[in-house]
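Below: one structure, written as C-alpha cells.
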Amino acid sequence: MAMAELLGISIPAYSKLETGITDPNFSRINQIAKAHEIDIRQLLNTGEEERSEQDDEIEQLKQRVVELEANVIRLQSKLIDLYDKEDQRQKQV
C-alpha cells in the first residue's frame, strides 16, 4: 500500500510533504509514525541520532588523518637523515 493511501491523502499532496513544499502538521506526523509502526519520538529523533553518529565518525577520521600526517612527517625526516648520512659516507670515500 502506498504511503499516500495509508495517510488518506492524494499522491500530489504526499509528494509536497516529501519534497518539503508543505510542512506536515502534528496529526500528519503522528499518522506517518503510525504508518511506519514507530513512536512519534523515534520519528522526530531519527535524523539527530544519525547526524551525531556521522559527526563522531568524521571526528575519528579527522584524528586518524592527523596521526597519519604525523607519521608521514616522521618518516620523511628519517629518510632525509638517511640521505644525509649516505651523502657524508660518499664524501668520505
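All of the numbers you see were taken from the coordinates with simple rules; none came from a lab. Source: prediction; values computed, not measured. Here the Cβ positions follow ideal geometry from the backbone for every residue, glycine too, while neighbour counts run over all protein chains shown.
Here are some notes:
- Single match in Ile58, Ile38, Ile80 (criterion: surrounded by 11 or more Cβ atoms within 10 Å (Cβ to Cβ) and among the β-branched types (Val, Ile, Thr)): Ile38
- Among residues of region 7-22, those that are under 31 Å from the mean Cα position of the chain (by Cα) and within 18 Å of Lys34 (Cα to Cα), counted: 4
- Complete set of residues in region 1-21 that are among the polar types (S, T, N, Q) and either surrounded by 14 or more Cβ atoms within 10 Å (Cβ to Cβ) or assigned to a helix (DSSP H, G or I) (or both): Ser15, Thr19
- Every pair of residues 6+ apart whose Cβ atoms lie under 7 Å, when the first sits in region 22-39 and is farther than 15 Å from Ala2 by Cα and free of Cβ contacts under 8 Å to residues at least 24 places away in the same chain while the second is small (Gly, Ala, Ser) and not in a loop (DSSP other than H, G, I, E, B): Asp39/Ala33
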